[in-house]
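The next block holds one structure in the form of structure tokens; read it before the comments.
Values in this text are rule-based calculations from the coordinates and carry no lab data. Note that this is a predicted model, so its numbers are computed, not measured. Using ideal geometry, Cβ is built from the backbone for each residue, glycine included, and neighbour counts are taken over all protein chains shown.
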Amino acid sequence: MEIVWWQWWRTGRNEMLKASRPAGSKPAGLPTVSGADRSILDEESFERVISLETKRSERSQRIFLLMLLDISRVLNGDKDQQAVGKILSALSLAIRETDVAGWHKNGAVVGILFTEISGDSRSSIVSTMLSRVSGVLYSSLDFDQFHQISISHYVFPEEWDHDVPQRPSDPNLYPDLADRENKSRLFSISKRMIDVIGSALGLVVGLPLFLVIAAIIKLSSKGPVLFRQQRIGQYGAPFVFLKFRSMYVNNDSRIHREYVTKLINGSTEREPSDGKPVGVYKLTTDPRVTRIGAFLRKTSLDELPQLYNVLKGEMSLVGPRPAIPYEVAAYELWHRRRVLEAKPGITGLWQVRGRSRVAFDDMVRLDVRYARTRSLCLDIKILLETPRAVVLGDGAY
């Protein structure tokens, strides 16, 4: 069964590659692999293949390697076409039938997608493939040409490190996200304008309420008024998230960490919800929460300081709930899409349509659905539905 499945997978991808370009077509002015039975994919087709392979890997857990060869420095004379042809011919000896070669940047950067890679050692995979490609290039090119080629590599799935400020996800592995951003640039600008105006207005108008809440928190328990925590923003980039403190200071996060891990892997049960027949996927009796904190959480007033995160551009008024690093560490690969595809928000589709009443996988599906169908009309609709969700407090703890 395993062999049959992978034969079907390989056949399906090969058919996709044939359909990605017209028969016999190639990028204008760019050479094919000399003597080979397939041409190198153009930039647009190659990006589609990378996007598809990434999504396959998210489900299958299979490793793939994207190798990029910058050959722009080789192209410095009248023999450009001959030099490129020689390079592509050499690369044809280093790749298998199931691997894919294409232009990552037309006429300048060649990409190779090594698929269906087995083994647990990422470093040995990279070392083996680099040796193979470097070896055939060295034997096929002259000394100067060989040393003018720069090679970079990217292994998927990536190992995300949230202890550094840079985004851990490399854009080379997600060309579909960059393409979507380019196509929705007007929407992104409009959404950012609404975020800035809305958050600034909220901070000014809500200042008296902020001061009242701050005084109550300070009088009711020891500790700071604001709770600061590292959260994960779009593309996996960390940022400092603000809330009104709703817990006792110096509490043990293991309670929540253990619950979240079980929630993500689907091994948790619904918790009782104020005597309602349908429970919620949430810690409803968290000993870390203060009495005032319970009220703030129930009414979502603890979320108000996030308006500052929105003003800074780390969050949006509408988007997925910002994730905690140890939560992301427990994600399955496809769960990362909720972090990659949209900036986190104060409210969102999950907050008004599902909240804690739906399982984690369904929450991710709602977040991804929002990211792929987002529009100003949808954002406004969610914002209008938010007060009702807050007043009802259904699923809020």
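Put the Cα centre of segment 296-375 next to the Cα centre of segment 192-250 and the gap is 16 Å. The modelled label-to-label distance for the pair SER375/VAL249, using points 7 Å beyond Cα in the direction of Cβ, is 4.9 nm. Fully extending the segment from ARG167 to LEU68, taken as 0.36 nm per residue of separation minus the present Cα-Cα distance, adds 33.6 nm.
Between LEU226 and SER150, what is 0.36 nm times their sequence separation minus the Cα-Cα distance? Round to one decimal in nm.
22.5 nm
Could you rank the peptides 318-324, 46-52, 112-118 by their average count of other C-beta atoms within 10 Å per residue, with the highest value first?
Packing order, densest peptide first, comes out as 318-324, 46-52, 112-118.
Per the Cα gyration tensor, segment 79-155 maps to an equivalent ellipsoid with semi-axes of 22, 14, 11 Å, ordered largest to smallest.
Does segment 178-392 come out rounded, prolate or oblate by the C-alpha gyration tensor, with a ≥ b ≥ c the root eigenvalues, rounded set by a/c under 1.5 and, if not, prolate when a/b is larger than b/c and oblate if not? Oblate, because a/c is 1.5 or more while a/b does not exceed b/c. Checking the cross-link pairs LYS183/LYS243; LYS218/LYS262; LYS55/LYS298; LYS222/LYS298; LYS191/LYS262 against a 31 Å limit on the alpha carbon distance flags LYS183/LYS243; LYS218/LYS262; LYS55/LYS298; LYS191/LYS262 as lying beyond it.
Would you work out the relative contact order for segment 178-392, in percent, from Cα pairs under 8 angstrom that are 6 or more residues apart?
So the answer I get is 23 percent.
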